[in-house]
Amino acid sequence: MGLRAYFLVDLADDMDQRQFIQAVRDLEEMHGVDFVDPVIGSRDIVIMVEAPVSVETIANKIKENPWVKQLEILNIISLYERHRSSKKQMLKSLTHGGFGDSA
């Protein structure tokens, strides 16, 4: 398994429905794209990607399209990695008396 990420994408305001559908289809055909979902909210599309080396390469390719207004990358981390870093922070604070000293 490579690196995974979600892309939150804002599209150009002047796109019509036909152009929007074509953009979604083009994205779905890109190498490394797992799925593309149109959404309602602060973004127009959510894309999940998996890349062997760099998700930024896929992001840069998507950004080249004139209909992309903005793209934000949310890198996916494993629960284990998140837990491990949290555990390190907790142990560090205990070592330095960060959770209250009973002196």
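The values are calculated or read from the model by the stated rules, or taken from the named source; none is laboratory data. Bear in mind that the values here come from a model prediction, so they are computed numbers and not experimental data. No Cβ is skipped: glycine too gets one built from the backbone with ideal geometry, and neighbour counts run over all protein chains shown.
Name every residue in segment 1-19 that is of a type in the set (Lys, Arg), modelled with pLDDT of 95 or more and part of a strand (DSSP E or B), in order of residue number.
Once the filter is applied, which keeps residues that are of a type in the set (Lys, Arg), modelled with pLDDT of 95 or more and part of a strand (DSSP E or B), segment 1-19 yields nothing.
Among the residues of segment 24-41, how many are touching a residue at least 24 places away in the same chain (Cβ under 8 Å), touching an Asp or Glu at 6+ places or on another chain (Cβ under 9 Å) and within 18 Å of Gln70 (Cα to Cα)?
Within segment 24-41, residues that are touching a residue at least 24 places away in the same chain (Cβ under 8 Å), touching an Asp or Glu at 6+ places or on another chain (Cβ under 9 Å) and within 18 Å of Gln70 (Cα to Cα) number 1.
For segment 29-57, enumerate the residues that are surrounded by 14 or more Cβ atoms within 10 Å (Cβ to Cβ), hydrophobic (A, V, I, L, M, F, W, C) and modelled with pLDDT of 95 or more.
Listed by number, the residues that qualify are Val33, Val36, Ile45, Val46, Ile47, Met48, Val49.
When you check Lys61 against the structure, is it surrounded by 12 or more Cβ atoms within 10 Å (Cβ to Cβ), in a helix (DSSP H, G or I), at negative phi and modelled with pLDDT of 95 or more, yes or no?
Working: surrounded by 12 or more Cβ atoms within 10 Å (Cβ to Cβ): yes; in a helix (DSSP H, G or I): yes; at negative phi: yes; modelled with pLDDT of 95 or more: yes.
It is true that Lys61 is surrounded by 12 or more Cβ atoms within 10 Å (Cβ to Cβ), in a helix (DSSP H, G or I), at negative phi and modelled with pLDDT of 95 or more.
Would you mind telling me which numbered condition in (1) at pLDDT 95 or above; (2) of a type outside the set (A, V, I, L, M, F, W, C); (3) part of a loop (DSSP other than H, G, I, E, B) Gly98 fails?
Among (1) at pLDDT 95 or above; (2) of a type outside the set (A, V, I, L, M, F, W, C); (3) part of a loop (DSSP other than H, G, I, E, B), the lone unmet condition for Gly98 is (1).
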